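A.B. asks: Below is a structure I'd like to ask you about.
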Amino acid sequence: MNNIIPFISSFDCNSSTVPFELRQNLMTMSKTVTSKNDAVAALDVLTPDLLKYLLDEEVLLAVGMLMEKTCDGDTLPTVWLEIFNKLPKHPLATRMAMRWHYRKNDIDSGLHILRQSFTQALFDPIQAETYLFGLNELQLFSDADSFVMEFLTKFPEDTKIRTRYIQSLYKQERFKEALNVFEHNIGPKKWSPSIIKLLPSLREKSITQVNSRVKYKEALGDLASLYKNRIVSNTVSNPSQQVCLYSGQLGAGGAERQMTRLATMLKSNYDAHPNASEHNADCQPYVCVKQANSKTNSDFFLPVLEDAGVHVEILQDMDSVNINDITTDQKLAELLESVNNDLLSSILKLTKSFKERNVQCAYLWQDGGVLIGAVAALLAEVPMIILNFRGMPPIQRPELLRGEMHHLYTQLKAIPGIEFSCNSKIAARAYCDWLDMDESRFTVIPNAVPELSPKGTDRDQYVWNEILCNSEQATKTVLGVFRFDDNKRPHYWIEMANEYSKKHPETRFVIVGKGKRLESSRKLIAELGAENRIFLAGPSTSVGYWYSKAILVMHLSRMEGLPNVLIESQIAGCAVISTPAGGTPEVVEHGETGYILKCAHNPCSQEIQDTLEKMLSDIPQLRFIGSRAKETSKPRHELDAVLSQTLSLFGKNIIALNQIAI
């Protein structure tokens, strides 16, 4: 019913052939229809006629608003994300896309998309206004506060942003702050009629307002600072020692794969030593995530954990928890009330989980996991807290940076019982530079990567046979395995593949994965006329099958931690071409196991073409490089070695996990 893709395919921002009468009928219905049934009926009537024509911006948005009135929560998030992808700077598209991210409690993804789309918001008043709309729809009010204050230092006379901010503060019932923003305008006193009309009410309510707790981004760090003198016992009264691995979700990413793999290894180790509790070493893992559902593609590894018998808790599915259920301390309660609502709800639920399960070690994965998990662990009096970072710090990835992070991390480094961990020396060094820490504070543990089975599922085999039938001229396969997002550069990968395969039809290119840029990538391949040279295989749980079909893996990421794909492919005996992103130089020996491009930020197309030409023109040498890659990578990332290092990290601090038998 709410399939936006045909409308997206008919969209042309520079042209429209929709007749006036049909356009007016659509506009009227998008504004006047009020019931679900009427909206469905209207779409049934209008859709066949609309799809006969090219649609412009106005028509596409009206279709979206009519679909909105169907109240179909399963499809509307996709509807608005697709419209936003076509109209990324339009205020309505931005507001509706972010509104659905908020409704689905997918705030982090919404903020990520928003920051990637509005990189010039601090320097462009037009972008600034739409960006502010997006932050408000996500209800990230402390982020909005910080953004507006910084923007106004650059554009102190901009009344429009000041107006939008006053209106937002008024809706939040922050009347005194709104009045202060109004009275401290140093620009022209040309206020809009809406602000003039609002002013009497604003003055009255600012006088009568009872002081309420203001949300501010430093609240998490201020709360953590209260634990700088906490006393951590060297013994644990309860021999049952629960280890919780916490992260934001279980989507098909490298960090999620690693966390899943480690959780299953810990569970297997626990099951193999049933008498461990007699030695005070009962280390039973469970996994907790903020969300894991198919609608947001955040449950990819959930079946793997369930099959391994690892218990999984999902915060989104838990009942709400009140502050007074967690603490009776007045100072802690006040600080919690000052934390952004999107973080607070998860913090309280996670704290409850830690307490109920008597968690002795909170193993927090990635920046999002640390942001929520560290304070929850402190509130629950978890003795050992491991902050486990999996990529470069968010200061280098602005789309992932939250205003709370730096202050919180700075406080955490001074708290007893907290350890810092990373999977890459390069990333650890970058965090230390950002947080002014000594590198000795970090324990670097490489990714655990087994040699993957070359067996494929029935679907994998079917897709591969289809690829062979459609590329009979090709004898060599270059593979990409990645999530279709902006960081992985799927469009640039396809452009490079297209340029090479046009000149070298004996080479096909295949990508395994999924993500928000999958459909646009499919469309790009069609536009390039490369359907018989470049193939999208979709997601696969048997990636080893695809490595077995490839002679070379190409990876063009902007940012990385320690890239699993490059480790997996080398262990499978594939040579690699990669940007030098993140920890890539730690896993690829340039000239020996693969080729590292000179630049990650803006990789040179000619360098890529030359490297493909050189490597693919000498297959015996390429196979030798692949065998060398396997010899060097496999021992470095063996599961038992990584498990041993992880257990040693657990035993580095205050609980007796060092007594676990391996």
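A.B. asks: One residue is enough: does segment 246-258 have a residue meeting the conditions open to solvent by 40 Å² or more (accessible area, probe 1.4 Å), out of contact with any Gly (no Cβ under 6 Å at 6 or more places or on another chain), at pLDDT 85 or above and assigned to a loop (DSSP other than H, G, I, E, B)?
C.D. replies: Yes, segment 246-258 contains a residue that is open to solvent by 40 Å² or more (accessible area, probe 1.4 Å), out of contact with any Gly (no Cβ under 6 Å at 6 or more places or on another chain), at pLDDT 85 or above and assigned to a loop (DSSP other than H, G, I, E, B).
A.B. asks: Quick check on my filter: what residues within segment 55-74 are at pLDDT below 90 and exposed (fewer than 15 other Cβ atoms within 10 Å of the Cβ)?
C.D. replies: Answer for segment 55-74, where residues must be at pLDDT below 90 and exposed (fewer than 15 other Cβ atoms within 10 Å of the Cβ): C71, G73, D74.
A.B. asks: Only one residue in L479, L566, L536 is outside any loop (DSSP other than H, G, I, E, B), touching a residue at least 24 places away in the same chain (Cβ under 8 Å) and in contact with a Cys (Cβ under 8 Å, 6 or more places away or on another chain), so which one is that? Can you show your working first?
C.D. replies: Working: L566 fails: in contact with a Cys (Cβ under 8 Å, 6 or more places away or on another chain); L536 fails: in contact with a Cys (Cβ under 8 Å, 6 or more places away or on another chain).
Selected residue: L479, the only one of L479, L566, L536 that is outside any loop (DSSP other than H, G, I, E, B), touching a residue at least 24 places away in the same chain (Cβ under 8 Å) and in contact with a Cys (Cβ under 8 Å, 6 or more places away or on another chain).
A.B. asks: Please enumerate the residues belonging to segment 303-339 that are under 20 Å from L266 (Cα atoms) and among the small types (G, A, S). Quick ask: steps written out before the conclusion?
C.D. replies: Residues of segment 303-339 that are under 20 Å from L266 (Cα atoms), as a first pass: 303-314.
Matches in segment 303-339: A308, G309.
A.B. asks: Which residues, taken from segment 536-549, are closer than 23 Å to H491 by Cβ and open to solvent by less than 20 Å² (accessible area, probe 1.4 Å)?
C.D. replies: A537, G538, S540, V543, W546
A.B. asks: Need the failing condition index for G403 against (1) buried (at least 22 other Cβ atoms within 10 Å of the Cβ); (2) of a type outside the set (A, V, I, L, M, F, W, C); (3) more than 16 Å from the chain's Cα centre (by Cα); (4) in a loop (DSSP other than H, G, I, E, B), just the number.
C.D. replies: G403 satisfies all of (1) buried (at least 22 other Cβ atoms within 10 Å of the Cβ); (2) of a type outside the set (A, V, I, L, M, F, W, C); (3) more than 16 Å from the chain's Cα centre (by Cα); (4) in a loop (DSSP other than H, G, I, E, B) except (1).
A.B. asks: Still on this model: Looking only at segment 152-188, count how many residues are more than 21 Å from I126 (Cβ to Cβ), open to solvent by less than 60 Å² (accessible area, probe 1.4 Å) and part of a helix (DSSP H, G or I). Break it down stepwise before answering.
C.D. replies: Keep residues of segment 152-188 that are more than 21 Å from I126 (Cβ to Cβ), which gives 169-180, 182-184, 186.
After this cut, where a residue has to be open to solvent by less than 60 Å² (accessible area, probe 1.4 Å) as well, the list is 169-170, 172, 174-175, 177-179, 182.
From what's left, part of a helix (DSSP H, G or I): 169-170, 175, 177-179, 182.
Selection size over segment 152-188: 7.
A.B. asks: A further question follows. For residues that are in contact with a Lys or Arg (Cβ under 7 Å, 6 or more places away or on another chain) and open to solvent by 20 Å² or more (accessible area, probe 1.4 Å), scanning just segment 134-151, find the one that is modelled with the lowest pLDDT.
C.D. replies: Residue satisfying both the conditions and the ranking: S146.
A.B. asks: While we're here: Collect the residues in segment 550-567 that are open to solvent by less than 10 Å² (accessible area, probe 1.4 Å) and touching a Phe, Trp or Tyr at 6+ places or on another chain (Cβ under 8 Å), keeping them in residue-number order.
C.D. replies: Answer for segment 550-567, where residues must be open to solvent by less than 10 Å² (accessible area, probe 1.4 Å) and touching a Phe, Trp or Tyr at 6+ places or on another chain (Cβ under 8 Å): V553, M554, H555, L556, S557, G561.
A.B. asks: Can you find, within segment 498-533, the residue that is modelled with the lowest pLDDT among those that are open to solvent by less than 30 Å² (accessible area, probe 1.4 Å) and either assigned to a helix (DSSP H, G or I) or closer than 15 Å to I5 by Cβ (or both)? Spell out the reasoning first.
C.D. replies: Step one: filter segment 498-533 for residues open to solvent by less than 30 Å² (accessible area, probe 1.4 Å), giving 498, 500-501, 507-513, 518, 521, 524-525, 530, 533.
From what's left, either assigned to a helix (DSSP H, G or I) or closer than 15 Å to I5 by Cβ (or both): 498, 500-501, 518, 521, 524-525.
Working: N498: 97, Y500: 97, S501: 97, L518: 90, S521: 93, L524: 94, I525: 96.
So the residue we want is L518.
A.B. asks: For segment 279-378, list the helices (runs of 4 or more DSSP H) that sit wholly inside it and hold at least 1 residues that are β-branched (V, I, T) and touching a Ser or Thr at 6+ places or on another chain (Cβ under 7 Å); which are they?
C.D. replies: Numbers: elements: 302-307, 323-326, 330-337, 341-356.
Here the list reads 302-307, 323-326.
The values are calculated or read from the model by the stated rules, or taken from the named source; none is laboratory data. Everything numeric here is computed off the predicted structure, so don't read it as measured data. Positions of Cβ are generated from backbone atoms using ideal geometry, with glycine treated the same way; all protein chains shown enter the neighbour counts. SASA here: full protein model, heavy atoms, side chains in, ligands and nucleic acids out. Shrake-Rupley method; radii C 1.70, N 1.55, O 1.52, S 1.80 Å.
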